[in-house]
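One structure below.
Just so you know, all these numbers are worked out from the coordinates, no wet-lab data involved. Here the structure is a predicted model, which means the values were calculated and not measured. Neighbour counts are summed over all protein chains in view; Cβ atoms, including those assigned to glycine, are modelled from backbone coordinates with ideal geometry.
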Amino acid sequence: MSRRHQGAVLERDAPRLEHSKIVQIAHPGPVEYGSALAWQADRAASVALGTLPEVVALLEHPPVYTQGRRGGREHVLAALEAPIVDTDRGGDVTFHGPGQLIVWPILRLRERGIGIAGYVRGLEQVAIEAAAQFGVDADRVRGRPGVWIDNRKLASVGVRLQSGVSRHGLALNCDVDLSWFDGIRACGVEGSVATSLSHETGERISVATCVPAVERAVAEVFQLRLSPTADIGGLP
């Protein structure tokens with residue numbers, strides 16, 4: 001994919017930050033999904049205006065199901081023991097919870113010359129490369145979103161591009177309790193099951209263990225220089 005700078009897309013009278021390959025990265029830990037979603041929308045708007053820098057947020061959520069713009073509740077197969085929240089990302093229904101690493105890059109994709117299809121492939125590549133660091137051979141499957149090991153889904157991808165800025169992103173199963181996925185047809189794919197790095201390796205691979213691998217993969221795939229920060233403003 002081309003990463004050629006294509007010029008500013010920001011409002012001409014708005015203050016803006018210089019386009020840079022240096023991007024903040026933070027791992028605030030568990031954050032309630034609704035609070036994180038509100039923060040994400042505010043931060044993406046500020047990034048679009050150029051008043052705050054781009055950022056990659058690495059999160060966990062308390063148990064929650066999220067429904068993307070594609071499909072309805074037909075892929076909810078049983079009564080769920082956690083709330084289900086409608087979101088504006090692409091994709092269908094999935095689960096987020098402890099033991100799953102959420103990766104939300106809030107990047108000015110249009111300025112970076114990254115198209116939406118290339119961006120989705122890039123997020124998938126992040127999961128593939130991170131998994132490989134633990135000896136897990138995962139890959140894409142034609143016609144199926146996310147990252148797979150045969151019919152076992154290791155990572156989900158769902159994104160939205162607004163004002164040239166990316167929102168939502170990647171969910172990588174590290175040591176999540178896979179029984180949470182029993183009540184849904186994850187991402188609407190018939191016959192699929194969820195898996196995790198821990199399940200595939202037979203060893204506990206925690207979110208904290210996965211974070212360095214994901215950070216390296218994000219930097220390499222999107223050619224970013226990541227600047228760790230403890231404060232990304234407004235995220236509980």
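Taking 0.36 nm per residue of separation and subtracting the current Cα-Cα distance, fully stretching the chain between ARG69 and THR229 would add 54.4 nm.
For the stretch 36-53, 3J(HN,Hα) computed residue by residue from phi via the Karplus equation (6.51, -1.76, 1.60; θ = phi - 60°) reads 5, 5, 5, 4, 4, 4, 5, 5, 4, 5, 5, 5, 4, 7, x, 8, 9, x Hz, glycine and proline entered as x. A Cβ-based charge dipole, computed about the Cα centre of the chain with Lys and Arg at +1 and Asp and Glu at -1, lands at about 940 debye. Looking only at trypsin sites (Lys or Arg not before Pro) in DSSP loops with at most 16 other Cβ atoms within 10 Å, what is the longest site-free stretch of the chain? Between the exposed loop sites, the longest stretch runs 71-141.
Percentage of Cα-Cα pair distances in the stretch 22-228 greater than 27 Å, rounded to whole percent? Summing the P(r) tail past 27 Å for the stretch 22-228 gives 23 percent. Cα centroid separation, the stretch 149-170 to the stretch 179-236: 11 Å. Placing unit charges on the Cβ atoms of the charged side chains and taking the dipole of the stretch 22-228 about its Cα centre, the candidate lying farthest along the positive direction among ALA78, SER166, GLY191 is SER166.
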